[in-house]
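Colleague: This structure is in structure tokens; I'll ask about it shortly.
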Amino acid sequence: MRFRTDAQRKAVFANMNRFSVKDDIQNVLDKARFEYTPAAETYVRALNESDAMYGDKGTRTQALYIANNLQPKTDEQKLAVKQLMAIGYDKPMPLVYEPDPVDTMSELELERITDSLTDYMRDVRDMRVARGGTSEFLLQDYKDFAEEYGYPLDKVLVANDWVKDVLSDDIVKAIEAAEERVKIDWS
């Protein structure tokens, strides 16, 4: 192959040595050694088809689907999820895992949210039971409260004072995750 300029030659060889987005995703996944959830496994298996049908843009979207369906347990796996998110959003990949910053909630803010939430959820439960529905609270109830009152969902979940017996499984998991991200300042 003949090149007219040195810049042409460099551009061709740079593209020949470039990994594809699909290869980047696969390298991240291979290194982290995840145990895939069924949904994540489906998205990983569809990686080749996504790349063939939609190119880099579709493969980046696939990276986001995969990342959102993984359950990282180690710091290496948490880094891999952040790297997949970076690939998906076409951002530079982090090389070191750094935990997300912890949000702090004052005791007064906790009390205010808890009082409002308790009244709101009691009304939701009473209306649902009156219509012949379940008395179990749903994650959507908490999301609706957070949106209506303008509170961050994580703080609403931490402020929950209902016993686990009346909470759906997805709320219990969401509360446990929120408690890792939101700390209460008792001073």
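The values are calculated or read from the model by the stated rules, or taken from the named source; none is laboratory data. Everything numeric in this text was worked out from a predicted model, so none of it was measured. Every residue, glycine among them, receives a Cβ derived from its backbone with ideal geometry; neighbour counts consider all protein chains shown. The accessibility values were calculated without ligands, DNA or RNA, using every heavy atom of the protein model including side chains. Shrake-Rupley method; radii C 1.70, N 1.55, O 1.52, S 1.80 Å.
Colleague: Suppose only helical runs count, i.e. DSSP H with n ≥ 4. What mean residue ellipticity at 222 nm does that imply for the chain under -39500 (n - 2.57) per run, divided by all residues and rounded to the nearest 500 deg cm²/dmol?
Modeller: -20500 deg cm²/dmol
Colleague: For the chain, what is the accessible area per residue in Å² when the probe is 1.4 Å?
Modeller: Spelled out: the 1.4 Å probe surface of the chain, per residue, equals 66 Å².
Colleague: Just by accessible area at a 1.4 angstrom probe, what is the order of VAL28, VAL129 from largest to smallest?
Modeller: VAL129, VAL28
Colleague: State, to one decimal in nm, how far the label point of VAL102 lies from the label point of GLU176, with both points 7 Å from Cα in the Cβ direction.
Modeller: Roughly 1.9 nm, to one decimal.
Colleague: Could you name the lysines in cross-link range of LYS78, using Cα to Cα under 23 Å and dropping any fewer than eight places away on the same chain?
Modeller: Straight-line reach from LYS78, under 23 Å: LYS22, LYS31, LYS91, LYS155, LYS173, LYS183.
Colleague: Scan around GLU136 for amide H atoms under 5 Å from its own, H built in the peptide plane at 1.01 Å from N, and keep only partners 5 or more places away or cross-chain.
Modeller: Long-range HN contacts for GLU136: none found.
Colleague: How high is the FRET efficiency between VAL163 and ARG33 when r is their beta carbon distance and R₀ equals 45 Å, given to the nearest 0.05?
Modeller: The computed FRET efficiency comes out at 0.75.
Colleague: Could you state the per residue volume, in Å³, of the convex hull enclosing the Cα atoms of the chain?
Modeller: Residue-normalised Cα hull volume stands at 191 Å³.
Colleague: Find which of ALA146, GLN83, ALA159 sits farthest along the positive direction of the dipole of segment 71-159, computed with +1 on the beta-carbon of Lys and Arg, -1 on that of Asp and Glu, about the Cα centre.
Modeller: Value: GLN83.
Colleague: Can you sort THR37, THR61 by solvent-accessible area, 1.4 Å probe, largest first?
Modeller: Sorted by accessible area, descending: THR61, THR37.
Colleague: Now, a different point. So what's the convex hull volume per residue for the Cα atoms of segment 61-162, in Å³?
Modeller: Per-residue hull volume (Cα only) is 151 Å³.
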